[in-house]
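K.L.:
Please read through the structure below; I'll follow up with questions.
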Amino acid sequence: MEVNKNKRIKLILGITLTGIIFIMLLLGIIKTPYDPMEMSSELKLTGASFKHIMGCDQFGRDVFSRILVGVKETLIVAGAVVLIGSFFGTILGTITGYYGGILDEILMRITDAVLAFPSILLCLLIISLLGGGRNTLILALGIAFIPSFARIIRGEVLKIRSLDYIYSVKLFGASDLRIIFIHIIPNLKKVLLSTVLIGFNNAVLAEAGMSYLGMGVQPPMPSLGRMLSEAQTYIFTNPSIALFPGLIIVMMILGFSLLADAVSDLK
Amino acid sequence: MNLFKKGLSLLLLSATLTVALCGCGGDKADDSSQITIGIPQDLEESLDPHYAVAAGTKEILFNIFEGLVKPDKNGDLNPAVADSYTISEDGLTYTFHLRKGVKFHDGSAVTAEDVLYCIEKNADTSAGDANISAFSNIKNYYADGENIVIELNVKDPDFLEYMTMAIIPAGNTDAATNPIGTGPYKYVSRTPQENIILEAFDDYYGEKANIKNVTLKIVADADSVVMNLLGGSVDLYARISSTQVAQLANSDFNILEGTMNLVQALYLNNNVEPFNDVRVRQALSYAVDPKEIIDLAFDGKGTEIGSSMFPAFGKYYIDETKDYYEVDLDKAKELLTEAGYPDGFSFAIKVPSNYQPHIDTAQVIVEQLKKINVDAKIELVEWDSWLSDVYAGRDFAATVVGVDASTMTARAMLERFTSDSSKNFVNFASDAYDAEFAAAISATDIDEQTEHYKECEWILTKESANVYLQDLAEFVALNKKYTGYEFYPIYVMDIAKLKLAE
């Protein structure tokens, strides 16, 4: 009973937080209260007011509008990164897990190598080769994310492969492809879902981190990390412009973590 | 396992010890005085003063090297390695008398041979242009006892400025890694991307440096400058922004204000579309409002300029150029339509990522250009790639940086825009400009020369070679423990003048 209650609170909190983020995302796509790029010298570093509920930044841009667009930018990057990571990760994981053998050895040692390499360094390398910007960042982070997905999927496939029902469909003469697509991949759903949610969290943090370092989304386009980085100079004089993007990142991470937790506990 | 644990604790112990030792060093600096100066980027790989390109390198090398003459804080030239000089009446023969007792940092005395070697190195045309192009005017140079005599082909009123050329020992072929000069400070060591160590030169002939040990600490992340200052790991940081100034209020730092003496502009590559069309460049000049940039990004501190010249140059500076393009969006759109871009166009502005003022400026420009439907995108690049791709490779459409003068001559600012100059990174090409510039450098009368230079500036303005913005205000944060910082009209930092406060 106690455990169930905890679970339910987690689920409700998770859904609420991600719900708020989702509404912000929609607002960011449809309409922001102000142009997030418009500058104004009168509004420089003004605090929160009824017109500008989160105040204005050092160029007099509305922080709330910038956060809405920033959430969109951050989620686009995180979403694309997870998509790349999980897609290629699933392919790699399934192939290596199902067939095993020498191919498995080779591919897994390659992913080991990528994993052993600090992912930030890998991203910096790719970005310095291809130039900065959002698309390069997606590519760089996506590549860095593949190995962790591949490992988890591989482990799960290994487990499923040795289950009795797989042996019996094999006896019925099902082809490898049929077994993979009809009997294995659908059973990866649950693992995949919680991996994706956790991966999503990591991707949000990675995007924020890279943009904070000036490698991701290019100014004047806002992203949560970029806004934090720009607000850093004002942290002592005008803490609010750093506070709000930071708060949103916390909400996002907390929301998805709780959701991932709750989902993995579901039957 | 045990061994591992032992190793780990040893490592930890030694780490804490180093920290503790460092902590002591900072406080006990009285008898062997010390200062840590923050700089925004590492010096160039080569420390050869004759080939230094970046202003950030030159401002430091100023303390290590000296020429026959040396500029002071008013921009006047004073005798240095030479203790006196005479110029013949026709202006064609310069005679420098070598100062007695001037020593190089390695202890050897400066001889006429060293001076001749340096002139030869910079006048050498075997590998293309002379390193100092004004030296191609030298007809003959030789040593006459303790005198160095230089004869010119034609009169050049600016020639003395080039005698600030660093004097290095003859045959110092590894000047890039082993810089030896005659300045008040000598080079000790460097750790790439971390620091450069200098030490006061005891045998300096003139007024010796007040502070013995100087560490130049590279603070590549603009955001951590204030933390470094407040945390006490940096005592002096030149060129901080106005917001950083606000953060340093009520701290241990004095804030000094001057001007940076550089030309900040949206530099346009005149060779790429659409900036090869003068109307497009003019349209940008009509659309960009430097006043708004100064207000928005610099809290109103900065001097608007309109050509490649800044106010510290006095007689060469033309204040009226800044009013040539008043903001006029209709006119800008009209010009764009004439040029064939009625719906605007898009381009990328490459901005060095370690210079926050330039990034801020670019952000305001992007907004201003939106009003004439021009879609500018900012691309942050690292300083090293800026130097190699944008400056040397000229692979860019537009960039925001500041360009300074290496010597106090109009030529230093204006020569780079002649069509065949190797420093002409914006690919500006104008026959009228080349002719005016040629007339200026061959003029024998100072007033006549000034007129030609001014005409050059007007051409740059009218042709809108670049979108000229401002001479940035310079704020220097100096720990209250020190005094004596001096602003120069050229981009240098005179460390020798710094001293401990009483």
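Here, each number is a calculation from the coordinates, and none is a lab measurement. This one's a predicted model, so the numbers in the text were calculated from it and none came from an experiment. Cβ coordinates were reconstructed from backbone atoms using ideal geometry, including for glycine residues, and neighbour counts include every protein chain displayed.
K.L.:
GNM on chain A, C-alpha springs below 10 Å: top fluctuator among A:Ile249, A:Ile110, A:Ile15?
P.N.:
Evaluated over chain A, the most mobile residue of the options is A:Ile110.
K.L.:
How about region A:15-107: which GluC sites (Glu not before Pro) there lie in a loop by DSSP and see at most 12 other Cβ atoms within 10 Å?
P.N.:
Here the GluC sites (Glu not before Pro) that fit, given the DSSP loop and packing criteria, are A:Glu42.
K.L.:
Which of the listed residues, B:Met309, A:Pro186, A:Pro36, is farthest toward the dipole's positive end in the protein assembly as shown, when Lys, Arg count +1 and Asp, Glu count -1 at the beta-carbon?
P.N.:
In the protein assembly as shown, that residue is A:Pro186.
K.L.:
Pairs of Cα atoms under 8 Å, at least six residues apart: use those to get the relative contact order of region B:69-164, whole percent.
P.N.:
Reported relative contact order: 28 percent.
K.L.:
With θ set to phi - 60° and the Karplus curve 6.51 cos²θ - 1.76 cosθ + 1.60, what are the ³J(HN,Hα) couplings of region A:25-42 in order, to the nearest whole Hz, using x for Gly and Pro?
P.N.:
Couplings: 4, 4, 4, x, 7, 7, 7, 9, x, 10, 5, x, 9, 5, 9, 7, 6, 6 Hz.
K.L.:
Then there's this: With everything on Cα atoms, drop me the angle between helix A:134-161 and the longest principal axis of chain A, reported from 0 to 90° to the nearest 10.
P.N.:
Once rounded, the angle reads 30 degrees.
K.L.:
Using θ = phi - 60° and the Karplus curve 6.51 cos²θ - 1.76 cosθ + 1.60, what whole-Hz ³J(HN,Hα) does each residue of region B:52-61 get, with Gly and Pro shown as x?
P.N.:
Using θ = phi - 60°, the values come out as 5, 10, 6, 4, x, 6, 5, 5, 8, 4 Hz.
K.L.:
Can you bin chain B into rounded, prolate or oblate? Criterion: square roots of the alpha carbon gyration tensor eigenvalues sorted a ≥ b ≥ c, rounded for a/c under 1.5, prolate for a/b above b/c, oblate for the rest.
P.N.:
Judged from the Cα gyration tensor, chain B comes out oblate (a/c at least 1.5, b/c at or above a/b).
K.L.:
Beyond a 31 Å Cα-Cα separation, which of these cross-linked pairs lie in this structure: A:Lys44/B:Lys499; B:Lys103/B:Lys315; B:Lys217/B:Lys423?
P.N.:
A:Lys44/B:Lys499; B:Lys103/B:Lys315
K.L.:
Can you list the DSSP H helices in chain B whose Cα atoms extend at least 15 Å along the helix axis and whose mean Kyte-Doolittle hydropathy is -1.0 or higher?
P.N.:
B:2-27, B:112-123, B:356-370, B:431-442
K.L.:
Could you please state, rounded to a whole Å, how far the C-alpha centre of region B:360-419 is from the C-alpha centre of region B:90-161?
P.N.:
With region B:360-419 and region B:90-161 each reduced to a Cα centre, they are spaced 34 Å.
K.L.:
Under a crude label model (7 Å from the Cα following the beta-carbon direction), how far is B:Ser108 from B:Ser32 in nanometres?
P.N.:
2.8
K.L.:
Restricting to DSSP H runs of at least four residues, report the calculated mean residue ellipticity at 222 nm for the protein assembly as shown, -39500 (n - 2.57) per run over all residues, nearest 500 deg cm²/dmol.
P.N.:
-14000 deg cm²/dmol
K.L.:
Cα axis of helix A:63-99 to longest principal axis of chain A: angle in degrees, 0 to 90, nearest 10?
P.N.:
10
K.L.:
Counting only residues 5 or more places away or on other chains, whose amide H sits under 5 Å from the amide H of B:Ala376 once H atoms are built in the peptide plane?
P.N.:
B:Phe347
K.L.:
Considering the dipole of chain B built from charges on the beta carbon (Lys and Arg +1, Asp and Glu -1) around the Cα centre, which of B:Leu284, B:Ala376, B:Ile60 is farthest to its positive end?
P.N.:
Farthest towards the positive pole: B:Ile60.
K.L.:
From Cα pairs below 8 angstrom and at least 6 apart in sequence, can you work out the relative contact order of chain B, rounded to a whole percent?
P.N.:
Relative contact order here is 20 percent.
K.L.:
Turning to a different aspect of this structure: How far is it, in nm, from the label point at A:Phe172 to the one at B:Val149 when both lie 7 Å from their Cα along the line to the Cβ?
P.N.:
10.9
K.L.:
Per residue of region A:220-235, in order, report the coupling 6.51 cos²θ - 1.76 cosθ + 1.60 (Karplus, θ = phi - 60°) as ³J(HN,Hα) in whole Hz, putting x for Gly and Pro.
P.N.:
Residue by residue, region A:220-235 yields x, 5, x, 9, 4, x, 4, 5, 4, 4, 5, 7, 4, 4, 9, 4 Hz.
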